[in-house]
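To start, the structure under review is shown below, and the notes come after it.
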């Protein structure tokens, strides 16, 4: 590995380290005290974001349990380049929000669909006009409930003509961008973002360490999959779970380090479906999105005790060599061992996946014979297989990795193992 790659790996390890994060938090707290600012959380709301409908139901509890002020800011237009497949993302988000609502005991219609655009515009403007109202969250919940159940008459009745300057929405959107985020349903507290109800547990832990809360963590429910597997009926053994992933995705790395345990505990069969990374498919990941993904993956890894941070970006040749080897392996078990070792190598151990030396080390770590390297497939062979996997994933309604497919349901994200367990249990 050349000096530049070594340097980048060490820099990445520092940037994603807990030591740096804790130092950043201490500085943020020092600056806050110096400026005599209160503990304040900014919440970015959008009426047609299904995850926002969940957030307005839980944030009053956060405000009650923690000595913090929560300031809502309504946004409407989000950067289009942050969502490579907006139609699939929008459709999936509604299904996923209904799933999360059930998990957290919240209200969201199971049969919701994309809301009426005219009503959405009315709702956003009305909510922007009352974003300083102490009753914002209860009002936003009521408006959102009507919007998602397609009760347009109630939406129009609730959302009186809002006399606001359109600049208010623009200012809120600009503030979101300047703080380094691109998504609604996001919370910002002193230098860090927490997007969606399934990241509130990170915020709870941070506030508790500052002595601002009750010492409890109520939103850690997405990490209960191990417990759920203990109650699964033995009949699920042998069922198939398809797993779409990319070795260049940090979230796929986290999934690869956990799905083996999931399969072992549940008895399901994993069908691995490697795909090419977004950047190697002609799609773009803007720097703002890349930075958030890296920071979020790092804190998720720490919580799950998964090695992460000593990165040698596999984009390009390393991805191609990994695919050539992985697709040459005879079964899914061997593929899982190899790809788990590969992502651990490039995302946590500083191994250069472009070199024979690096790949031989990864192969050895996977417990595979050294001659595995010599059996790598030619690009025209493995690329066709990767394209087939990608097309299947798109048909299933997902645009990105990691994606799981089980019992005709599609799940996106490394933090949805609990939902797979639930689907297996209920089918």
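The values are calculated or read from the model by the stated rules, or taken from the named source; none is laboratory data. Owing to the predicted nature of the structure, the values given are computational and were not obtained by experimental measurement. Every residue, glycine as well, gets a Cβ built from its backbone with ideal geometry; the counts of neighbours run over all protein chains shown.
When restricted to residues that are surrounded by fewer than 18 Cβ atoms within 10 Å (Cβ to Cβ), touching a residue at least 12 places away in the same chain (Cβ under 8 Å) and part of a helix (DSSP H, G or I), segment 264-277 contains 1. Being touching a helix residue (DSSP H, G or I) at 6+ places or on another chain (Cβ under 8 Å) and farther than 24 Å from residue 329 by Cα is the requirement here; does residue 248 meet it? No, not satisfied.
Is one or more of the residues making up segment 31-42 part of a helix (DSSP H, G or I), closer than 20 Å to residue 213 by Cβ and either under 19 Å from the mean Cα position of the chain (by Cα) or free of Cβ contacts under 8 Å to residues at least 24 places away in the same chain (or both)? Within segment 31-42 (the criterion being part of a helix (DSSP H, G or I), closer than 20 Å to residue 213 by Cβ and either under 19 Å from the mean Cα position of the chain (by Cα) or free of Cβ contacts under 8 Å to residues at least 24 places away in the same chain (or both)), the answer is yes, since at least one residue qualifies. Residue count for segment 391-421 under the criterion of being outside any strand (DSSP E or B), surrounded by fewer than 19 Cβ atoms within 10 Å (Cβ to Cβ) and either over 17 Å from the mean Cα position of the chain (by Cα) or outside the structural domain of residue 283 (by TED's automatic domain parsing) (or both): the result is 6. Quick one: would you say residue 68 is within 30 Å of residue 405 (Cβ to Cβ) and at pLDDT 95 or above? Here the answer is no, as residue 68 does not meet what is asked.
Can you name the residue in segment 32-55 that is over 22 Å from residue 180 (Cα atoms) and touching a helix residue (DSSP H, G or I) at 6+ places or on another chain (Cβ under 8 Å) and, of all such residues, is surrounded by the fewest Cβ atoms within 10 Å (Cβ to Cβ)?
Of everything passing the filter in segment 32-55, 54 is surrounded by the fewest Cβ atoms within 10 Å (Cβ to Cβ).
For every residue, the table says whether it meets (1) in the same structural domain as residue 299 (by TED's automatic domain parsing); (2) part of a loop (DSSP other than H, G, I, E, B); (3) touching a strand residue (DSSP E or B) at 6+ places or on another chain (Cβ under 9 Å).
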position	(1), (2), (3)
93	no, no, no
101	no, no, no
112	no, yes, no
122	no, no, no
137	no, no, yes
155	no, no, no
182	no, yes, no
200	no, no, yes
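Annotation: of all residues in segment 56-73 being in contact with a helix residue (DSSP H, G or I) (Cβ under 7 Å, 6 or more places away or on another chain) and outside any helix (DSSP H, G or I), the one that is surrounded by the most Cβ atoms within 10 Å (Cβ to Cβ) is 72. Looking only at residues of segment 281-297 that are assigned to a helix (DSSP H, G or I) and closer than 13 Å to residue 400 by Cβ, we find that the one that is modelled with the lowest pLDDT is 281.
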